[in-house]
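Structure, as structure tokens:
The values are calculated or read from the model by the stated rules, or taken from the named source; none is laboratory data. Source: prediction; values computed, not measured. Note that each Cβ is placed from the backbone with ideal geometry, even for glycine, and that neighbours are counted across all protein chains shown.
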Amino acid sequence: MTTAPLRPGTSPDLDHDEPLLVVEDLTVRFPTQDGEVAAVQNLSYSVELGKTLGIVGESGSGKSVSSMAVLGLHDERSAKISGSIRIRGREIVGLPENKMRKLRGAEAAMIFQDALAALHPFYKVGDQLAEAYQVHHSSASDRDARRKSIEMLDRVGIPQPDQRINDFPHQFSGGMRQRAMIAMGLINDPSLLIADEPTTALDVTVQAQILDLLQELQREFNSAVIIITHDLGVIAEMADDVLVMYAGRCVEYGTTKEILTHPEMPYTWGLLSSVPDVTASTDARLIPIPGTPPSLLNPPTGCAFHPRCTHRDKVPGDLCFTDMPELSPAKANAAHVKRCHLPDPDAIYQDVVLPEIAPDLVKDNR
Amino acid sequence: MTDESTASLHEEHDGYLDHEVALPSDSAAHVASRLDPDAPPVLSVEDLKMYFPLKSGGLVRRTIGHVQAVDGISFQVPKGGSLGLVGESGCGKSTTGRLITRLYKPTGGSMQFEGHDLAKLSNREMKPLRRDVQMIFQDPYTSLNPRHTVGTIVGAPLSVHNVVPKKQILSRVQELLEVVGLNPEHYNRYPNEFSGGQRQRIGIARALTLNPKLLVADEPVSALDVSIQAQVINLLQDLQKEFDIAFLFIAHDLAIVRHFCPEVAVMYLGKIVEIADRDTIYSHSHHPYTQALLSAVPDVKQAALGGRRERIRLEGDVPSPINPPSGCRFRTRCQYAQEICAKVEPPLLQIGKRHKVACHFAGELGAHPATPVTADLLGVDDQGSPSSKVTATPLITGPGYEDEWFDLKSKQLTSA
């Protein structure tokens, strides 16, 4: 997507060959009293304009920590960040706070999970939107800011925006609050939007509305979107690429279709098989991932997933217990990487896992 | 909880944790919760109502209105079976659960359970029956007292009801912890030492303590991680089979409800709009709201194969239950709504052997009739005004299913 128009305020050292957001070898550590927690380790990914990246994983797998690092939201006194994060070629890691503030909201914005907690309960929704606008448009008058806020509320589908702008967040319903959050995120026309579990607290019907809205707005503004979720269904609907995280590391990364049809990492298999499907046979038992996610204070040796992996006996020797597997390309597609020692995971998936979780799909995939 | 203790837990009690390890033979031996059409009902709810009073401000707090949280619902839960209750937030599903466990006293209606009407009993009369109706709560972080040990929490029902002598409580608690897949040695730990999935198991153990006949599970897995959800669902299914417990399973996740419950009721704004067996609800639903709910569920497999279902978009939000729309409550968001919907409330009409729906234009997706199917039955014309040509047929609206039902095609009462 190199045809994107140049926006005002972009840095002069814009690199045209690079995707909008590049994260390389990102590591975030939090020193705690019990020792150092490596919340994110050696994470690399990139997102281009107009594309959507989905990040999946359980709670504590580092999804939110990694994306908060992109916005520079970690306190440098309590978080040790290494690696490189570049937005339009501009390095974020180590950027001083005053420069970071200029970027935050204008170039990259975030939609938080709990809109009731993320909006200030004392201020009117309109005032909060106007503030977000005026921070980056210091020349804009209060009236302009108000007009812009009404326009944005209207854009995200809030009825009677000129009236609702004077409401407080608690007067909005859950879906409307989330819409107001999206309006606030988009008010400065950012090129990167990070949505952290944007629909987890919402009902299915409202979730469908919000997901449709996000997709529509993305097409209109041609922004890059990172959507963080634990719901593979949301990923399947929204994302172009998927990054699966486990215990702070990327364990599988590829295009959505590739990951959902030819996953090569037992953790992804587990995620796929533990969610019942509205069309699957109800006689099939759900296949949970045994055990619980590991503690990051004291991560397992070797592959972080081996204590919960049901396929570790298929790996020769005790590689899983001793060696952390490297991210290696999948057989069929080099753009699809996975972190697993299994010699031929796709064959195991097609022969063993798929017949259990979706017998009706076995033939279609061959 | 540290990793070592988790690991030791698995080794010591693999007898109970076996089901968590996905063995192919295990899945083959598993029997899904099937519908037993002849099972007698353990709970029969009829025209249950719960209105919460709305008070004015000021010194004299007069009642200025009512929140009609649950407004006349009827259903049955078969013995050893499970009924799923789905709907958006604010539709009254949790209130229904709390009424059945008598955490609220209903405004009206009856709840027949073991020959008693739970709705009419006083709290004192209710106490012996509380043994048989227990509840699993949604949030395992707030439903366990942080200052009590697991042993105290799980053992509390035993001492309240004086079931066993004090000395035997501990052994019963340990037995229960083992049943739900926890280490019985952990009875003197506090809830904060456990993970979310393990806490939910503690909540389940507490609900099982008194061998209940009916368990109300209010969103038992929605606070848990995906990989843990499946563990808890499997545990509940095993317990149901082993102890023959009936479940009222309240959830908003349609896929999980489909997996767990052979019968499903869909609620909207305090009313049941459709109730049927699993296959009917998920493949042949007749109510536009059920169809919209189902189409909104994101589907992994569809997307994986490249296709995407067309979604039915519901505009707006659920109306306020303080002042619900006249006639059909769903009409403000329904694309098929006509004049009659605002005038006459559609009855919950039995249209199949085990299928009831409350809609004037009931029909499968894409095949909704152009004229109201209920007009003749209710004695009104197609616009919903009282008509002199037809007389209203008295409708049977019991909690169960009748042998005769209204056939949509012939518009006659038929039987199997």
Those residues of region B:386-409 which are out of contact with any strand residue (DSSP E or B) (no Cβ under 9 Å at 6 or more places or on another chain) and closer than 23 Å to B:K271 by Cβ amount to B:P394
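Would you point out which residue out of A:S59, A:S66, A:S84 is closer than 30 Å to B:A230 by Cβ and outside any loop (DSSP other than H, G, I, E, B)?
A:S66
Specify which of the listed residues (A:S59, A:S82, A:S46) is more than 30 Å from A:L153 (Cβ to Cβ) and over 13 Å from the mean Cα position of the chain (by Cα).
Details: A:S59 fails: over 13 Å from the mean Cα position of the chain (by Cα); A:S46 fails: over 13 Å from the mean Cα position of the chain (by Cα).
Residue meeting the stated conditions: A:S82.
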Just one listed residue, out of A:A115, A:A108, is in contact (Cβ under 8 Å) with a residue 24 or more places away in the chain, in contact with a strand residue (DSSP E or B) (Cβ under 7 Å, 6 or more places away or on another chain) and surrounded by 14 or more Cβ atoms within 10 Å (Cβ to Cβ), and it is A:A108
Over region B:226-246, the set of residues more than 11 Å from chain A (Cβ to nearest Cβ) and part of a helix (DSSP H, G or I) is B:L239, B:Q240, B:K241, B:E242, B:F243
Restricting attention to region A:205-238, the residues that are within 9 Å of chain B (Cβ to nearest Cβ) and either buried (at least 22 other Cβ atoms within 10 Å of the Cβ) or within 24 Å of A:P263 (Cα to Cα) (or both) number exactly 15
Within region A:169-199, of all residues that are touching a residue at least 40 places away in the same chain (Cβ under 8 Å) and assigned to a loop (DSSP other than H, G, I, E, B), the one farthest from the other protein chains (Cβ to nearest Cβ) is A:N188
Pairs returned, first residue in region B:336-360 that is part of a loop (DSSP other than H, G, I, E, B), second residue that is among the basic types (K, R), beta-carbon separation under 9 angstrom, 6 or more apart or interchain, are B:A337/B:R331; B:Q338/B:R331; B:E345/B:K271; B:E345/B:R329; B:L348/B:K271; B:L348/B:K356; B:A358/B:K271
Within region B:254-267, residues outside any helix (DSSP H, G or I) and either away from every other protein chain (no Cβ under 11 Å) or buried (at least 24 other Cβ atoms within 10 Å of the Cβ) (or both) come out as B:C261, B:E263, B:V264, B:A265, B:V266, B:M267
When every residue in region A:277-314 that is within 7 Å of another protein chain (Cβ to nearest Cβ) and small (G, A, S) is compared, the one farthest from A:L232 (Cα to Cα) is A:S295
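This table checks each residue for (1) modelled with pLDDT under 90; (2) farther than 17 Å from A:I228 by Cβ; (3) of a type in the set (F, W, Y); (4) touching a Leu at 6+ places or on another chain (Cβ under 7 Å).
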position: A:G105; (1), (2), (3), (4): yes, yes, no, no
position: A:A117; (1), (2), (3), (4): yes, no, no, no
position: A:D127; (1), (2), (3), (4): no, yes, no, no
position: A:S139; (1), (2), (3), (4): no, yes, no, no
position: A:R147; (1), (2), (3), (4): no, yes, no, no
Scanning region B:215-225 residue by residue, those crowded, with 21+ Cβ neighbours inside 10 Å and not acidic (D, E) turn out to be B:L215, B:V216, B:A217, B:P220, B:V221, B:L224
Those residues of region A:285-319 which are under 25 Å from the mean Cα position of the chain (by Cα), part of a helix (DSSP H, G or I) and free of Cβ contacts under 8 Å to residues at least 24 places away in the same chain amount to A:H306
By my count, helices (runs of 4 or more DSSP H) wholly in region B:111-206 with at least 1 residues that are within 26 Å of the chain's Cα centre (by Cα) and farther than 21 Å from B:I100 by Cβ are B:150-160, B:166-179
